[in-house]
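Just below is one structure, and these are the notes that go with it.
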Amino acid sequence: MRVLDTDVLVIGSGAGGASTAAIVAASGRHTLVVEEGPWVDPDAIEPFSLDEMVAKYRHHGSSAALGNPPIAYAEGRCVGGSTEINSGLWHRLPAALAEEWLRTYEIEGFTPALLDAYAERVEVEQSVSLVPAAPPTSSALLERGATKLGWRSVEFPRVFRYDEAGRGTKQTMARTLIPRSVEAGATVMADTRVLRLERSGRRVTGARCRTTRPDGTSEDVVVQAEHVFVCGGAIQSPALLQRSGIRRGIGRGLKLHPTIKIAARFPHPVDHDDVPMHRITEFSPNLTIGGSASRRAHVALALADSGNPDAAALADWENVSVYYAAIRSEGSGRVVALPGVSAPLVTYRLTEADVSRLARGLLHLGEALLAAGATELVPSVIGAPTVRRVEDLAPWWDAVTRTQANLMTVHLTSSIRMGEARHLTGADSFGRVWGIENLRVNDASLLPDAPGVNPQAAIMTIAARNAEQFLATA
C-alpha cells in the first residue's frame, strides 16, 4: 500500500475544492487535491453532448433523490466537478438572504459587504462578464416574453472569457483554478476515490483512498495530512463523513431547486449551442424562470417527460427549446451512506406548498413563452395537454401532482450547514466540522439553504473566505 504525506489534503476539485486548493497552495502550503473522477481536457468533448455525460457526469447523468415524486439530479464527476458541465451562470448571494442566514444560523463574518468584497475578487479572477454581443435567440425570447407581460428579467453574467471576436470560453475549474493550484505547487490525483477518513481522537490523520490506473487496475493509497478539506459537494461530502463515522449534523437538511420544464416550439429555428443567460426574475427569489440545454437529446427527453412524446415536435427539434421554472423549496432531504453500498441513499420530500409553487411556476412559464411567440408548449407533466393558447393553460393547475410531475434539479446544497448554532449545523462559521479539530468542509454543503439562484458564485465566494480564514488561524 502506497503512503503519501501532505500538509493540506483537499478532497474534490469543483468550485469549492478548486478555490480552496488555489488559495492554500499559493500560500506555500504543500497541497494535494484528490478527485474521484478523471481529468478530461476542457476542450476535448463537445459541451452538453452524450459523450460529455458519459465522461464527466456521475452515473452518466442518471441520479435521483427518492421521494413522492422523485427528483432527478446531476453531479459532475471529473477534475473541475460540476463547473465542467454547468452553464456557468453567475449570481451573487442576495444580500437579504445572507442577512437571514447570519441571524438564523449565527454565522460569524457573514455580512453582505464582506461577501461582496470576496465575490468581486473572484469575479475578476474568473473573468465573469456579460455576453459582449446580442444574446442568442433562445435567451432573447425570455426577455421578449417578460417585456410583453411587464415582468422583470435580467441577463446574468457568466464565468466566461471573451476574445476580441466575441467568442466565449467557459472558465471552468479545470481551465483556471486547478492549473493555478498546480503552478503554485499543488499535486492533483485524479481517478482516486476516498473510501474513508482516518481519525485519532479529535483529529483526522488522513484518508484511505483507492486510485484507478489507466489500465483499469486499482491501488490502495493512504494519504497522511495535517489538515483536510472535504469538498465533494452536497451529496458526496456528507456521505464521506458518514462513512468515516462522523454523523452529528451531517446529511440532514439537504436543499435543492425543484425544477419543472416545458419544451416550447417556435415558428422559426432556435439556437441550441448554449444555455440562455436571461432569467425572468419577476417572482424571485422563490420562483425563477430560465432556459436549459436544448440539444436534440435534451429536447427528446423533455418531450418524453410529458408521457406522450410528440414525434412531429421531435422531427422539428431545431425549432424547439427547453425552458424551466425552478422554486426555492420548503421541503428538505437527507443523504445517508449505506454500509457496503458505494452510492449514498438520497431522499427529498416536497411540501404541498412546493407542489403548488411548481404548478404556479409552470403556468407563468407558459405565459412567458406564449408571449414570446411559441406556438406549442409540451410540459414535463404526464397527462397534461399540449397548449397553444393562453386560455388553454388552466388545466395545468390540476395536472401538476406528485404522481404526474417529472422534476429535476442541478443545484444541491445545505447537507452540512455552517454557523455557530450547533443544533442547526454540522460545521462552524468557517466550515470546521464540529468535534474535529483539523477537518473542514468547503463546498455547497455549507450553504444553509437553497439560494434561489445558481449557487456557484456563493460557493466560490464562501470557499475563498473560509480558505483565507484557515490560513490565518491554522
Residue within the stretch 385-400 that is under 30 Å from residue 89 (Cα atoms), out of contact with any Gly (no Cβ under 9 Å at 6 or more places or on another chain), among the charged types (D, E, K, R) and not in a loop (DSSP other than H, G, I, E, B) present:
no
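One line per residue, one yes/no per condition, for (1) within 18 Å of residue 446 (Cα to Cα); (2) of a type outside the set (Lys, Arg); (3) surrounded by fewer than 21 Cβ atoms within 10 Å (Cβ to Cβ):
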{"site": "84", "(1), (2), (3)": "no, yes, no"}
{"site": "100", "(1), (2), (3)": "yes, yes, yes"}
{"site": "112", "(1), (2), (3)": "yes, yes, yes"}
{"site": "115", "(1), (2), (3)": "yes, yes, no"}
{"site": "125", "(1), (2), (3)": "no, yes, yes"}
{"site": "129", "(1), (2), (3)": "no, yes, yes"}
{"site": "132", "(1), (2), (3)": "no, yes, yes"}
Matching entry among 96, 113, 74, 119 (being in the same structural domain as residue 234 (by TED's automatic domain parsing) and in contact with a helix residue (DSSP H, G or I) (Cβ under 6 Å, 6 or more places away or on another chain)):
119
Mind checking which pairs have a first residue in the stretch 389-407 that is of a type in the set (D, E, K, R) and a second that is surrounded by fewer than 14 Cβ atoms within 10 Å (Cβ to Cβ), Cβ under 8 Å, 6 or more apart or different chains?
402/68
Identify the residue in the stretch 168-217 that is modelled with pLDDT of 95 or more and among the acidic types (Asp, Glu) and, among all such residues, is surrounded by the fewest Cβ atoms within 10 Å (Cβ to Cβ).
183
What about residue 421, is it assigned by TED's automatic domain parsing to the domain that holds residue 286 and either closer than 22 Å to residue 283 by Cα or touching a residue at least 60 places away in the same chain (Cβ under 8 Å) (or both)?
no
Restricting to the stretch 320-340, name every residue that is of a type in the set (Val, Ile, Thr) and crowded, with 19+ Cβ neighbours inside 10 Å.
320, 322, 327, 335
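Restricting to the stretch 183-193, name every residue that is touching a residue at least 12 places away in the same chain (Cβ under 8 Å) and more than 12 Å from residue 37 (Cβ to Cβ).
184, 185, 186, 187 - these are the residues of the stretch 183-193 that are touching a residue at least 12 places away in the same chain (Cβ under 8 Å) and more than 12 Å from residue 37 (Cβ to Cβ).
The values are calculated or read from the model by the stated rules, or taken from the named source; none is laboratory data. Treat the numbers as computed from the prediction; the structure is a model and nothing was measured. Here Cβ is always computed from backbone atoms with ideal geometry, including for glycine, and neighbour counts include all displayed protein chains.
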